[in-house]
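Trainee: This is the structure, below, for whatever I ask next.
The values are calculated or read from the model by the stated rules, or taken from the named source; none is laboratory data. In this text, all values refer to a predicted model and were calculated from it rather than measured experimentally. When we count neighbours, we look across all protein chains shown, and the Cβ atoms used for this are built from the backbone with ideal geometry, even at glycine.
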């Protein structure tokens, strides 16, 4: 399996243009975990056959069927509906066609990587065009984009548009080739609009249209994004791009930018972003007054707004124009906020009273956009969704991501997101995990190293593997973090086997905090425009035991103690703490979350615990005296 994976990665790099920076490389994913999770829950949708009438409009904004196409317009499930793969789409949300089936798995993991084959299909419901004629001037328009934030289709790959004629045969009416090899792999490609006038053979009661792609079907390869699909009569092709609509193009950015998540204990009002960015698009050929609002609220108290700011009304001209990327640099309207527990924030963009622009209800879905931001026990730059995999190239090459503590705390562990591989358990995902102190903005002295550590794939969408900071005896070794201190987490490539980690391409701000070091060279900025999906995990407790941030960690005190039974029962027996009345017991799950704590005692009645691995540690005077790994059957 090792040789097969290595061969796959090498071929991928040749057949599908990967992105390179010094010492690292981005390659496509093998599966789509969002689709995989949905299919494992056995709720793949089955769409009924419907007959629609004109007009037909779809912009995939706030899709009611989530990741699958809306059954009220489409008949199949192959396209992936999402908000992260499109690069500046005309409207919020796109349909993505790739080399994966509706379950998120490759159509054929053993297929050729050099010969494109039939992959995804997006098929409309039946549309009644009976009693129509050429004078009705029925036109289908759509926007399409190769690659976006995903994998680039090559010249041999293609996107096809087909119409169902009156004899029940599918006829190809458009074919879009992949990206020429002369185009730089670092170039991002804009959406283009295409228009097709229907001729007589397609004017019948059971008309349908469909999009298909020819791609490498071994994984999440050769992406095509579709958006803003519109079929109607009496359309003037010379003004086809004129739609009575103004839309959001992208999700809100995190109000904590560049972070997408911070530990709730570390949040203070200085972390609010000092600006907001609203990316809009005026599809109308007319100028009008645009009213926009940006809200942030605590989801536990939905009536409590932390921000409710109306952007000053502006005259908005037809796009593209400078106002499409609106930025408010004087935003200081956040209410004082001090969370007392794990909290979820909701950001919402709203287009209000768009009467100058919009003339139909079908355009309303793209007037609102949402984003969730977590205040939990970790820092993050990523949005928990990988578009690619990042690989550190060459034994000894190191990659590091910087974070900053806002209060005194301890670093307890690291989350790694590993994208799926076939037979993942057989892979040799060994790395040297590192933590560094900061030295003038780049990693300095090592604070922690665990060599030849095997990363684990965690099943499901947004799966993160948690690695507690511990020595080879499994004793926890947290690292002191002083308020305001910067630190770096990452890894060193330990072997010639590629070890892919998730890469989120939607947060280019993270680039400034990511560095790579090749051999004896100096640390360099990682210039790939995205976030490596690793996260530092800090203390989750409201009153954490904090290792002193003004001194180095004290030598570990020898503690002779016993814990039984193991596997666990309802009551845990602890021996060896009788002379330590000030000690505290802390029980963590395998994700680094504190699930129970207690003063030192010989018999501890545990709460009901799910099956899994747990760590019991003993703390005294800010020092971890020891830890035990326990099993809950």
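Trainee: Sort out for me the strands (runs of 3 or more DSSP E) sitting completely within the range 59-155 that have 1 or more residues that are touching a strand residue (DSSP E or B) at 6+ places or on another chain (Cβ under 8 Å) and within 26 Å of residue 529 (Cα to Cα).
Mentor: In the range 59-155, 80-82, 94-97, 139-146 are the strands (runs of 3 or more DSSP E) which contain 1 or more residues that are touching a strand residue (DSSP E or B) at 6+ places or on another chain (Cβ under 8 Å) and within 26 Å of residue 529 (Cα to Cα).
Trainee: Here are the criteria: (1) free of Cβ contacts under 8 Å to residues at least 60 places away in the same chain; (2) within 27 Å of residue 137 (Cβ to Cβ). Tell me which single one residue 202 does not satisfy.
Mentor: Failed condition: (1).
Trainee: I'd like to verify a number: residues in the range 156-178 that are part of a loop (DSSP other than H, G, I, E, B) and over 16 Å from residue 96 (Cα atoms), how many?
Mentor: Of the residues in the range 156-178, 6 are part of a loop (DSSP other than H, G, I, E, B) and over 16 Å from residue 96 (Cα atoms).
Trainee: For the structure I just gave you, tell me whether residue 334 is modelled with pLDDT of 85 or more, touching a helix residue (DSSP H, G or I) at 6+ places or on another chain (Cβ under 9 Å) and at negative phi.
Mentor: So residue 334 does not fit the description; no.
Trainee: Among the candidates 216, 237, single out the residue that is in contact with a strand residue (DSSP E or B) (Cβ under 9 Å, 6 or more places away or on another chain), crowded, with 24+ Cβ neighbours inside 10 Å and farther than 19 Å from residue 59 by Cβ.
Mentor: Within the list 216, 237, the selection yields 216.
Trainee: Which members of the range 27-48 meet the condition of being touching a strand residue (DSSP E or B) at 6+ places or on another chain (Cβ under 7 Å), modelled with pLDDT of 85 or more and in a loop (DSSP other than H, G, I, E, B)?
Mentor: Once the filter is applied, which keeps residues that are touching a strand residue (DSSP E or B) at 6+ places or on another chain (Cβ under 7 Å), modelled with pLDDT of 85 or more and in a loop (DSSP other than H, G, I, E, B), the range 27-48 yields 28, 29, 47.
Trainee: Restricting to the range 376-416, name every residue that is surrounded by 22 or more Cβ atoms within 10 Å (Cβ to Cβ), within 24 Å of residue 298 (Cβ to Cβ) and more than 15 Å from the chain's Cα centre (by Cα).
Mentor: Answer for the range 376-416, where residues must be surrounded by 22 or more Cβ atoms within 10 Å (Cβ to Cβ), within 24 Å of residue 298 (Cβ to Cβ) and more than 15 Å from the chain's Cα centre (by Cα): 377, 378, 403, 405, 409.
Trainee: Yes or no: residue 489 part of a strand (DSSP E or B), in contact with a strand residue (DSSP E or B) (Cβ under 6 Å, 6 or more places away or on another chain) and surrounded by fewer than 18 Cβ atoms within 10 Å (Cβ to Cβ)?
Mentor: Against the criterion (part of a strand (DSSP E or B), in contact with a strand residue (DSSP E or B) (Cβ under 6 Å, 6 or more places away or on another chain) and surrounded by fewer than 18 Cβ atoms within 10 Å (Cβ to Cβ)), residue 489 does not qualify.
Trainee: Let me ask you something else. How about the range 304-322: which of its residues are at pLDDT below 85, surrounded by fewer than 16 Cβ atoms within 10 Å (Cβ to Cβ) and closer than 19 Å to residue 352 by Cβ?
Mentor: 310, 312, 313, 314
Trainee: To continue, here is another question. Looking at (1) touching a helix residue (DSSP H, G or I) at 6+ places or on another chain (Cβ under 6 Å); (2) part of a strand (DSSP E or B), which is the one condition that is false for residue 194?
Mentor: (1)
Trainee: Next question, about the same structure. Is one or more of the residues making up the range 2-22 modelled with pLDDT of 80 or more and under 23 Å from the mean Cα position of the chain (by Cα)?
Mentor: no
Trainee: Ok, one more. Between a first residue in the range 342-359 that is on the phi > 0 side of the Ramachandran plot and a second residue that is at pLDDT below 90 and in a strand (DSSP E or B), which pairs have beta carbons less than 9 Å apart while being 6 or more apart in sequence or on different chains?
Mentor: Listed pairs, sorted by first residue: 353/289; 353/291.
Trainee: Continuing with the same structure: Given 259, 297, which one is within 22 Å of the chain's Cα centre (by Cα), buried (at least 18 other Cβ atoms within 10 Å of the Cβ) and not in a strand (DSSP E or B)?
Mentor: Just one listed residue meets the conditions, 259.
Trainee: For residue 198, state whether it is assigned by the TED database to the domain that holds residue 154, within 32 Å of the chain's Cα centre (by Cα) and either modelled with pLDDT of 95 or more or surrounded by fewer than 15 Cβ atoms within 10 Å (Cβ to Cβ) (or both).
Mentor: So residue 198 fails the test.
Trainee: Would a scan of the range 495-506 turn up a residue that is touching a helix residue (DSSP H, G or I) at 6+ places or on another chain (Cβ under 9 Å), at pLDDT 90 or above and surrounded by fewer than 21 Cβ atoms within 10 Å (Cβ to Cβ)?
Mentor: The answer is no, given that none of the residues of the range 495-506 is touching a helix residue (DSSP H, G or I) at 6+ places or on another chain (Cβ under 9 Å), at pLDDT 90 or above and surrounded by fewer than 21 Cβ atoms within 10 Å (Cβ to Cβ).
Trainee: Would you please name the residue that is nearest to residue 255 (Cα to Cα), looking only at residues in the range 274-289 that are at pLDDT 85 or above and either part of a strand (DSSP E or B) or in the same structural domain as residue 142 (by the TED database) (or both)?
Mentor: 279
Trainee: Suppose we filter the range 91-120 for residues that are under 22 Å from residue 46 (Cβ atoms) and in contact with a helix residue (DSSP H, G or I) (Cβ under 6 Å, 6 or more places away or on another chain); how many remain?
Mentor: Selection size over the range 91-120: 2.
Trainee: If you don't mind, another one. From the set of residues in the range 509-520 that are at pLDDT 90 or above and closer than 15 Å to residue 394 by Cα, which is nearest to the chain's Cα centre (by Cα)?
Mentor: Looking at residues that are at pLDDT 90 or above and closer than 15 Å to residue 394 by Cα, I get 516.
Trainee: Something else about it: If you check residue 419 against the conditions, is it crowded, with 19+ Cβ neighbours inside 10 Å and in a loop (DSSP other than H, G, I, E, B)?
Mentor: Yes, satisfied.
Trainee: Shifting gears a bit: So which pairs qualify, if the first residue must be in the range 130-144 and not assigned by the TED database to the domain that holds residue 56, the second must be at pLDDT 95 or above and outside any loop (DSSP other than H, G, I, E, B), the Cβ gap must be under 8 Å, and the two must be at least 6 apart or on different chains?
Mentor: Within 8 Å, no pair qualifies.
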